Amino acid sequence: MTVPDVGTRVRLRPSRRADIVDLALAGKLAEVDGVEHGADGRVYVAVSLLGDTAVDLGPMSQLGHRFFFDPEELEPLPGGSARRVLVAGAGDGFKPAERGVGAVVEALRGRDLPPGVRVADFGLRRHDLLRALEDYDAALLLSAELGPGELGPPPAWLEPGCAQITAVGCGAEIDDRVLGVVMSVVDDLVENAGSGEGVGDEG
């Protein structure tokens, strides 16, 4: 029995159960979020569906869209496991100057991101963000503390929980230039995550 690595993209092939949820999920694409070992000795693989925005709640120890499958019910897609990169929005969405953070998050959710990249808006939940960072190789923080499109180090309150963290500024409104910078940094982090090479000093 081969257990796929965290970050691997898979196709769901449910076979052990026959409930309505399995029928609805059959053939769908998902990403492996973790591996759990049951008291009965069985291995359960936690996955999230690609493109499911409700998955954001899962890493925060709240209800979220996670599904569990046996390893043999998952068909790994070509390309193997991916480096885990978190694109995290942070800030007060009720402040006009910080609304661009949420707008960038929503725009990214509509894009075909590289395998292993997860987008989530943590708002003012700093503790949840710090916990989530522990599960990733690298992270990009979307922040209103920097100028639109400006790259820089993460704020002092964000203690590193993964190998690399960089920040990019988002203004009050979204624009194509900011999205371009974000996507460029995401591509760099996917390539360099875990290597110790930062990207925060390029701007």
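The values are calculated or read from the model by the stated rules, or taken from the named source; none is laboratory data. Predicted model, so just to flag it, every value in this text is computed and none were measured. Neighbour counts are summed over all protein chains in view; Cβ atoms, including those assigned to glycine, are modelled from backbone coordinates with ideal geometry. All accessible areas refer to the heavy atoms of the entire protein, side chains included, with ligands and DNA or RNA removed. Shrake-Rupley method; radii C 1.70, N 1.55, O 1.52, S 1.80 Å.
Annotations
- In segment 76-104, the residues that are under 27 Å from V45 (Cβ atoms) and free of Cβ contacts under 8 Å to residues at least 60 places away in the same chain: P78, A88
- You will find that of R42, R111, R16, the residue that is open to solvent by 20 Å² or more (accessible area, probe 1.4 Å), out of contact with any Cys (no Cβ under 9 Å at 6 or more places or on another chain) and modelled with pLDDT under 80 is R16 and no other.
- When the criteria are applied in full, E150 meets the requirement of being surrounded by fewer than 18 Cβ atoms within 10 Å (Cβ to Cβ), touching a strand residue (DSSP E or B) at 6+ places or on another chain (Cβ under 8 Å) and either of a type in the set (D, E) or over 24 Å from Y44 (Cβ atoms) (or both).
- Residue that is modelled with the lowest pLDDT [pool: residues in segment 57-105 that are of a type in the set (D, E, K, R) and more than 26 Å from A156 (Cα to Cα)]: R66
Quick grid of which residues meet (1) open to solvent by less than 30 Å² (accessible area, probe 1.4 Å); (2) at pLDDT 75 or above; (3) in contact with a strand residue (DSSP E or B) (Cβ under 8 Å, 6 or more places away or on another chain):
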site	(1), (2), (3)
P155	yes, yes, yes
V168	yes, yes, yes
E173	no, yes, no
V181	no, yes, yes
V186	yes, yes, yes
E191	no, yes, no
S195	no, no, no
G198	no, no, yes
E202	no, no, yes
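- If only residues of segment 86-104 that are surrounded by 17 or more Cβ atoms within 10 Å (Cβ to Cβ) and in contact with a Leu (Cβ under 7 Å, 6 or more places away or on another chain) are counted, the one that is farthest from G123 (Cα to Cα) is L86.
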